[in-house]
Amino acid sequence: MVPPVHARKLTKVPYVELADGRVQGVVSSGSAGERVYVSSVSAGSHALSCATNNNRPCSGLGGALCKHIRALLDEARRHYGAERVAAYLRLDPAQAPEAALSALSGPVEPGPTGVVFTRFLRYLSYLELPGTTAPLPEMHWFPAGRAL
C-alpha cells in the first residue's frame, strides 16, 4: 500500500484510481450539484473518456482535455504523485512528468462509465456500515492496516 502524497480534495474529485489500465474516477459537475462525470485516460493510447454517470457525453471533451479530466489528473497527481501517474500512463520518460501530464492528448473513446461509477458507489456504501474491527469478506484483498 502506497501512502498518498498529499491530502485529497474530495468535493471536486471524490474518487480517483489507477486501475484497469486507466487513470479514472468521478468528478463533480461545476454547474449542477447533482451531476457527476466519470472521466478516464487510458495508459499507452492516452484515449480520453468523459461522460455523466448516465452516459451523456461531456460537451467540453474535444481536441483538448476537458475540465473534468484536468481535475481528475490534478487529483491523481496530488494523491499518487506526478511521477507515478506519468509512469502508469506510459508517458515519455524523457519528458518531465508534470510537463508530460499537462501536454497530454489522445483520441476520444467511450470509457467504462458504468463500471467506474458502480465501483465508486460500492465504496461509498462502506461509509454507512457501523464501525467494527471485524473483517469484511468482500474487502479481504485490502492489505491489513492499523485500526483507527
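Here are some conditions: (1) crowded, with 16+ Cβ neighbours inside 10 Å; (2) within 21 Å of residue 15 (Cβ to Cβ); (3) of a type outside the set (Phe, Trp, Tyr). Residue 97 meets all but one. Which one does it not meet?
(2)
Would you mind stating whether residue 125 is closer than 28 Å to residue 83 by Cα and either of a type in the set (Gly, Ala, Ser) or modelled with pLDDT of 85 or more (or both)?
Working: closer than 28 Å to residue 83 by Cα: no; either of a type in the set (Gly, Ala, Ser) or modelled with pLDDT of 85 or more (or both): yes.
Taking the combined requirement at face value, the residue does not satisfy it.
May I ask you to list pairs of residues, at least six apart or on different chains, whose Cβ atoms are under 6 Å apart, with the first in region 40-61 being in contact (Cβ under 8 Å) with a residue 60 or more places away in the chain and more than 16 Å from residue 20 (Cα to Cα) and the second being of a type in the set (Phe, Trp, Tyr) and not in a strand (DSSP E or B)?
Filtered contacts from region 40-61: 53/117.
The values are calculated or read from the model by the stated rules, or taken from the named source; none is laboratory data. As the structure is a prediction and not an experimental result, all values here were calculated from the model. Virtual Cβ from ideal backbone geometry, glycine too; neighbours counted across all protein chains shown.
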